[in-house]
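Here's the structure, in structure tokens; my notes come after.
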Amino acid sequence: MRKLTGSNLFCALKKLQSISAISHPQNLSQRSSIQSAIATASLSIFRSYSTEMQPQLSTDLIKIMEQRILAIEHRSACLANLVNQPEASPSEYSRANKELRKLRGLMELINELRTKQKEIDGLKSLMAECPEDKDMLDLANDELGQSIDEEKRLQSLLLKSLLPKDDADERGCILEVRAGSGGEEASLFAIDIFKMYERYSQTKGWKFEVVDVTESDLKGYKEASAAISGTGVYGKLKFESGIHRVQRVPVTEKSGRIHTSAVSVAILPQADEVDVQLRNEDLRIDTYRSGGSGGQHANTTNSAVRVIHIPTGMTVSIQDERSQHMNKAKALKVLCAKLYEIERSRIQMTRSKLRSEQIGSGDRSERIRTYNFPQGRVTDHRVGITHHAIDDMMQGENLDIFIDALLLQQEMDAIASFSSTH
């Protein structure tokens, strides 16, 4: 398969966008074929990019990266020298050894790159020394081509390792879904979106734990939250935050008119105990009898828990479990995630690289995706991609089409930022 360079990656993305924008053919089998081709092409482009295909790096970017590599090599040598000094204090040894461990993965890539570059230089010298030996030249030329391809692959991997990372990407997350404009129809779509993420989590092998649900009169969800645990959960789902718009005929609509409703989704990284210090004096914890639509959660004990964080005024109420202890644990988990996100946002706002470097603003008032049921399509407005298998999407399938595109766009933006700031 032909490798994608930085420029034709964008061409491939644009081509996919143009294919997905084709109006539906009248022939049902033809429509199905096009939909299948779109899904296959998109998955191929984005998944292949993340594994085998690497963008072609510009000469300027390679020069910038080489400066960073030289600095890392120098730092690694200094640290290695320090840990081998008998006079180094235990604290100095510990700090140096810890930093060396962090650099180990980078240094392995760098050493592999240096070995490949020496191999390239050797092949070039061999070709210069034997200009008349055609068989030797052909053999060396073939090996040189393979070595240059490997050098480019290693440079791309190194660049990805040098790009700024979000420390929260490897964490689990708290998912919050709220019905917006559209009344009961919005609450019914909220349950569809909530279940979509639950099914998607199952396909990834993640743990999906319902934290709290507030039902509407028609058994939809006014609000619902869940804790999703696993490796890299937040890094995968972080761009799902925003307004999800739905266009369909509600079950309450008798004249068959299409209504537009909205649901807000928030994705918060889960916080560890070391991230957020909750002091007892900063918390007010109230207990009360839980209840719910239809009385299915009602009981005669004060099992529901309301936790108020006094310094911020933030309130979290949980009544999903029948145990007061379990409800309190869930409430504190959600509160920690909210406080952690506030602190993360504060830190990010103080840095020169603001959220504008990410795809969209991440603002929950921003419409990010439209689910049009009459036309059977889902469109992500940030990357301009439309997928024509809405039923599969709501089953948690093919969501990676959008997620991979957003992660690819983020990576390209990070590369541009890397180049402009160095």
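The values are calculated or read from the model by the stated rules, or taken from the named source; none is laboratory data. Note that this is a predicted model, so its numbers are computed, not measured. A quick note on method: Cβ atoms are made from the backbone with ideal geometry, for glycine too, and the neighbour counts reach across all protein chains shown.
Key figures for this structure:
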quantity: Residue count, the stretch 241-257 (criterion: surrounded by fewer than 15 Cβ atoms within 10 Å (Cβ to Cβ) and not β-branched (Val, Ile, Thr)); calculated: 5
quantity: Exclusive hit being surrounded by 15 or more Cβ atoms within 10 Å (Cβ to Cβ), farther than 17 Å from LYS152 by Cα and either touching a residue at least 60 places away in the same chain (Cβ under 8 Å) or aliphatic (A, V, I, L, M) (or both), set LEU109, LEU57, LEU61, LEU103; calculated: LEU103
quantity: Long-range neighbours under 8 Å by Cβ, at least six apart or interchain, first residue farther than 14 Å from LEU283 by Cβ within the stretch 327-340, second of a type outside the set (S, T, N, Q) and surrounded by fewer than 19 Cβ atoms within 10 Å (Cβ to Cβ); calculated: TYR340/ASP275; TYR340/VAL276
quantity: Count of residues meeting criterion [in a helix (DSSP H, G or I) and either touching a Cys at 6+ places or on another chain (Cβ under 7 Å) or surrounded by 15 or more Cβ atoms within 10 Å (Cβ to Cβ) (or both)] in the stretch 81-92; calculated: 2
quantity: One residue from ILE148, ILE120 being within 24 Å of SER58 (Cα to Cα), over 36 Å from the mean Cα position of the chain (by Cα) and assigned to a helix (DSSP H, G or I); calculated: ILE120
quantity: Residue in the stretch 230-240 that is crowded, with 19+ Cβ neighbours inside 10 Å, assigned to a strand (DSSP E or B) and among the β-branched types (Val, Ile, Thr) present; calculated: no
quantity: Test: residue in the stretch 56-76 that is touching an Asp or Glu at 6+ places or on another chain (Cβ under 9 Å), within 28 Å of GLY232 (Cα to Cα) and not in a helix (DSSP H, G or I); calculated: no
quantity: Selected residue (criterion: farthest from LYS160 (Cα to Cα)) from residues of the stretch 388-400 that are buried (at least 20 other Cβ atoms within 10 Å of the Cβ) and within 19 Å of the chain's Cα centre (by Cα); calculated: MET393
quantity: Strands (runs of 3 or more DSSP E) wholly inside the stretch 243-362 containing at least 3 residues that are of a type outside the set (A, V, I, L, M, F, W, C) and at pLDDT 80 or above; calculated: 259-269, 283-288
quantity: Considering residues of the stretch 207-228 that are basic (Lys, Arg) and more than 23 Å from the chain's Cα centre (by Cα) only, the residue modelled with the highest pLDDT; calculated: LYS222
quantity: Check on ILE403, modelled with pLDDT under 95, of a type outside the set (D, E, K, R) and buried (at least 20 other Cβ atoms within 10 Å of the Cβ); calculated: no
quantity: For SER225: the one exception among (1) part of a loop (DSSP other than H, G, I, E, B); (2) surrounded by 15 or more Cβ atoms within 10 Å (Cβ to Cβ); calculated: (1)
quantity: Residue in the stretch 191-206 that is modelled with pLDDT of 90 or more, closer than 17 Å to GLY396 by Cα and not in a helix (DSSP H, G or I) present; calculated: yes
quantity: Residue within the stretch 64-71 that is loosely packed, with under 15 Cβ neighbours inside 10 Å, closer than 20 Å to LYS152 by Cβ and modelled with pLDDT under 90 present; calculated: yes
